[in-house]
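Contents: one structure, followed by commentary.
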Amino acid sequence: MTPLGLSVDELKIALGTAPEVNNGSSYGNAFGTNFAKNACHNNQRTQDDEESAIKKMPGEIIYRDSSTFLKGTQSSNPHNDYCQHFVDTGQRPQNFIRDVGLADRFEEYPKLRELIRLKDKLIQDTASAPMYLKADLKVLDLKTLGTKFDVILIEPPLEEYSRAAPSVATVGGAPRVFWNWDEILNLDVGEVAAHRSFVFLWCGSSEGLDMGRNCLKKWGFRRCEDICWIRTNISKPGHSKQLEPKAVFQRTKEHCLMGIKGTVRRSTDGDFIHANVDIDLIISEEDEFGSFEKPIEIFHIIEHFCLGRRRMHLFGRDSSIRPGWLTVGPELTNSNFNAELYQTYFAEAPATGCTSRIESLRPKSPPANSKILRGRGRGFLRGRGRPR
């Protein structure tokens, strides 16, 4: 028997995975019919028992959900039973995490808040004009872009998304082209990455965690972080429709793998990276059903961390065009990329630089002679939810 009170065969029939045996009549169909009849009979018997209990004990109250116990407190959840609250209302547990927005996240940390403000201003002042190129990445030779990039953000249209939302697999009225991991693996990312550089690869929440690591390895990167995006549904609570076939649980998170190429150390390469400014967790509202947009916070994390100004976004869209970035993808509607002009943007200042105030405010790594074990390319972002 399973924890649900069903045998293995009954559970297979309930999930629709039981094989049919044709011997004059379908065993699976017959057994499924009997199972459904028994379930209906048991449900009717349960209802009869409840009605009988109410008649016998008129002073007793029957609770059919936990909504009665989720009222009257600031969090609307005095028992912290967020799982049951999700079952009853569709409100995901992550909806109740406080201070997740960029505006109020550092309210209790004035120095960190000032650091973020100063870095955002410096990034804005040093950002190059946005450039974008509409191109089919299956045939485009990335080396023709003529630049070695400090940061490459890859947002592939994974087949995983088509399984979760097959009815919205279109863009601009045309069928959306989804990529499998073999096609992503064949992207020549390593050839356009600088000798010290970073790649950020969105890999979904399924097989992509393993396949993404294979891509990083082939491209010449070492995995150093896993940024997790937790999707909330505060504005439209309910149970997600984005379920893979025969799935039991709902996936409400995605992963972005971060890889490093070359030698970059937190303690000595302050001209190229500022570590420990952000955390490796994004909590934000998911878009409408069928949207493939990723949180804009991933751009903030990258720009705060890496001071290199040569940034490229693969599989970008019109909505993701951003100052300081070259956006390349088949879903763009126009192009303005000029390779020669683009290279002139970085001739004098390949990095954003740093002010004395930012240097005094940013978190520092332990000194070189410290006995604390120093990570070799690991731990560039602060841990999930860990206070500064």
Hull surface divided by four, with the convex hull built on the Cα atoms of the stretch 110-361: how many nm²?
14.4
Residues with amide H under 5 Å of His313's amide H, sequence separation 5 or more or different chain, H placed in the peptide plane at 1.01 Å from N; which?
Leu153, Leu326, Thr327, Val328
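A 19 angstrom limit on the alpha carbon distance is what I want to check against. Which of Lys218/Lys261; Lys143/Lys218; Lys134/Lys253; Lys253/Lys294; Lys121/Lys261; Lys138/Lys218 exceed it?
On the way: Lys218/Lys261 12 Å; Lys143/Lys218 17 Å; Lys134/Lys253 29 Å; Lys253/Lys294 11 Å; Lys121/Lys261 28 Å; Lys138/Lys218 17 Å.
Cα-Cα > 19 Å for Lys134/Lys253; Lys121/Lys261; rest within.
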Which whole-Hz couplings ³J(HN,Hα) result when phi for each residue of the stretch 136-146 is put into the Karplus expression 6.51 cos²θ - 1.76 cosθ + 1.60, θ = phi - 60°, listed in order with x for Gly and Pro?
7, 6, 6, 10, 6, 8, 4, 5, 5, 5, x
Mind listing the phi-derived Karplus ³J(HN,Hα) values for the stretch 250-263, rounded to whole Hz, using 6.51, -1.76 and 1.60 with θ = phi - 60°, and x for any glycine or proline?
8, 8, 10, 9, 9, 10, 10, 7, 10, x, 10, 10, x, 10
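Ignoring ligands, DNA and RNA, please state the percent of accessible area on the stretch 110-361 from carbon and sulfur, probe 1.4 Å.
Details: 5880 of 11170 Å².
Carbon plus sulfur share of accessible area: 53 percent.
The values are calculated or read from the model by the stated rules, or taken from the named source; none is laboratory data. Keep in mind that what you see is a predicted model, and the values were worked out from it rather than measured. The area values use the complete protein model at the heavy-atom level, side chains included, leaving out ligands, DNA and RNA. Shrake-Rupley method; radii C 1.70, N 1.55, O 1.52, S 1.80 Å.
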